[in-house]
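Notes for the one structure printed next.
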Amino acid sequence: MLSGKVAVVTGSTSGIGLGIARALAMQGCRVVLNGRRQTEETESLRAEMAAATGSEVIFHRADMSKVSDIETMMAGASRDLGPVDILVNNAGVQHVSPIEEFSTAAWDLVLATNLTSVFHCTKAVLPAMKQRGWGRIINIASAHALVASPFKSAYVAAKHGMVGLTKVTALETAEKGITCNAICPGYVWTPLVEKQIEDQARSHGIPAERVVREVLLAPQPTREFVTVEECAALAVFLASDAGKSITGAAIPIEGGWTAR
Ligand code: NAD
């Protein structure tokens with residue numbers, strides 16, 4: 001169904017991005033993996049995915065908080081594999097702190113990585129998608145694109161912004177065979193979540209061992225983490241022909257969090 005399509009997945013060396021890249025490669029997509037640095041570990045990830053799926057998988061390094069890196073990566077992806085058919089804007093970072101203590105550097109990094117990169121990647125792929133009359137842009141937002149939590153000012157602002165940008169992109173491309181949607185996961189157990197346990201404990205004034213039950217899973221009525229595989233399956237559906245009339249949507253996959 002997606003055989004031969006060229007897919008770029010930003011921030012795809014771990015967690016949700018890695019899962020989506022693998023699922024797209026399983027569907028026959030030719031995949032560009034991305035991370036800040038090219039290392040032996042990223043090379044073995046790439047080789048393992050190519051061997052397991054039989055699809056072409058390449059790696060392009062780019063720091064997604066830097067415009068020049070993004071432009072170089074997107075040009076390299078088209079040069080190496082051809083025009084991009086599927087763009088998954090997944091790279092993201094988190095910073096947990098009350099606003100008064102939130103450093104300007106942390107604010108700038110979260111906004112650049114989680115929001116501004118989406119603008120630059122989208123801008124890079126649209127001309128060729130419009131020319132060929134087909135494209136899928138899938139933005140990995142968050143339940144925090146729909147509702148807020150304390151101590152996550154930059155993240156919540158960036159993810160809400162991502163949904164706004166998703167809607168504008170959808171409207172500008174609606175008659176061109178292109179869709180743009182945001183996937184809004186609740187908590188998924190990945191390095192991004194693991195790394196925030198200590199900061200959440202400090203900000204909420206509770207011990208780290210209480211964070212999972214009392215902070216992370218408290219707003220999720222299912223009381224279970226969403227899985228990487230569930231997010232990947234949704235991304236594959238949105239990329240498929242069955243998803244062609246879904247555009248401009250912010251789709252929750254959060255165990256009922258935003259039903260409250
Ligand atoms: P993760 O830390 O495993 O993945 C984030 C990825 O982004 C990593 O591969 C990381 O290397 C990459 N990245 C970060 N900064 C980068 C930069 N400057 N340049 C290039 N790559 C960079 O965490 P994850 O949970 O898989 O997060 C993936 C996306 O899903 C993020 O946008 C995150 O906000 C979103 N999300 C995660 C959850 C969750 O609970 N885990 C929930 C909702 C949304």
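What the table shows:
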read-out: Pairs with Cβ under 9 Å, 6+ apart, first in segment 71-92 and more than 11 Å from residue 34 (Cα to Cα), second of a type in the set (Lys, Arg) and assigned to a helix (DSSP H, G or I); value: 83/132; 85/132; 92/159
read-out: Residue in segment 32-45 that is farthest from residue 243 (Cα to Cα), counting only those that are within 13 Å of the ligand (Cβ to nearest atom) and assigned to a helix (DSSP H, G or I); value: 41
read-out: Selection from segment 9-31 of residues that are within 12 Å of the ligand (Cβ to nearest atom), within 19 Å of residue 182 (Cβ to Cβ) and not in a loop (DSSP other than H, G, I, E, B); value: 9, 15, 16, 17, 19, 20, 21
read-out: Residue list for segment 197-234, restricted to those being within 13 Å of the ligand (Cβ to nearest atom) and over 18 Å from residue 255 (Cβ atoms); value: 197, 200
read-out: Count - residues of segment 145-166 that are closer than 21 Å to residue 238 by Cβ, more than 13 Å from the chain's Cα centre (by Cα) and either within 10 Å of the ligand (Cβ to nearest atom) or not aliphatic (A, V, I, L, M) (or both); value: 3
read-out: Residue match in segment 49-57 (condition: surrounded by fewer than 23 Cβ atoms within 10 Å (Cβ to Cβ), within 9 Å of the ligand (Cβ to nearest atom) and among the aliphatic types (A, V, I, L, M)); value: no
read-out: Check on residue 75, farther than 19 Å from residue 188 by Cβ and part of a helix (DSSP H, G or I); value: yes
read-out: Yes/no for residue 139 being at pLDDT 95 or above and outside any helix (DSSP H, G or I); value: yes
read-out: Segment 84-115 - residue that is part of a helix (DSSP H, G or I) and within 11 Å of the ligand (Cβ to nearest atom) and, of those, nearest to residue 63 (Cα to Cα); value: 113
read-out: Any hit, segment 242-260, residues being more than 26 Å from residue 23 (Cα to Cα) and surrounded by 15 or more Cβ atoms within 10 Å (Cβ to Cβ); value: yes
read-out: Residue list for segment 114-148, restricted to those being of a type in the set (Gly, Ala, Ser), over 20 Å from residue 241 (Cα atoms) and either out of contact with any Phe, Trp or Tyr (no Cβ under 9 Å at 6 or more places or on another chain) or without any contact (Cβ under 8 Å) to a residue 12 or more places away in the chain (or both); value: 117, 124, 141, 145, 148
read-out: So residue 246, is it part of a loop (DSSP other than H, G, I, E, B) and farther than 23 Å from residue 96 by Cβ; value: yes
read-out: Qualifying residue in segment 173-189 (condition: in a helix (DSSP H, G or I), within 14 Å of the ligand (Cβ to nearest atom) and either in contact (Cβ under 8 Å) with a residue 12 or more places away in the chain or surrounded by 16 or more Cβ atoms within 10 Å (Cβ to Cβ) (or both)); value: no
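The values are calculated or read from the model by the stated rules, or taken from the named source; none is laboratory data. From a predicted model like this one, the values you see are computed outputs, not experimental measurements. Glycine gets a Cβ as well: all are built from the backbone with ideal geometry, and neighbour counts include every protein chain shown.
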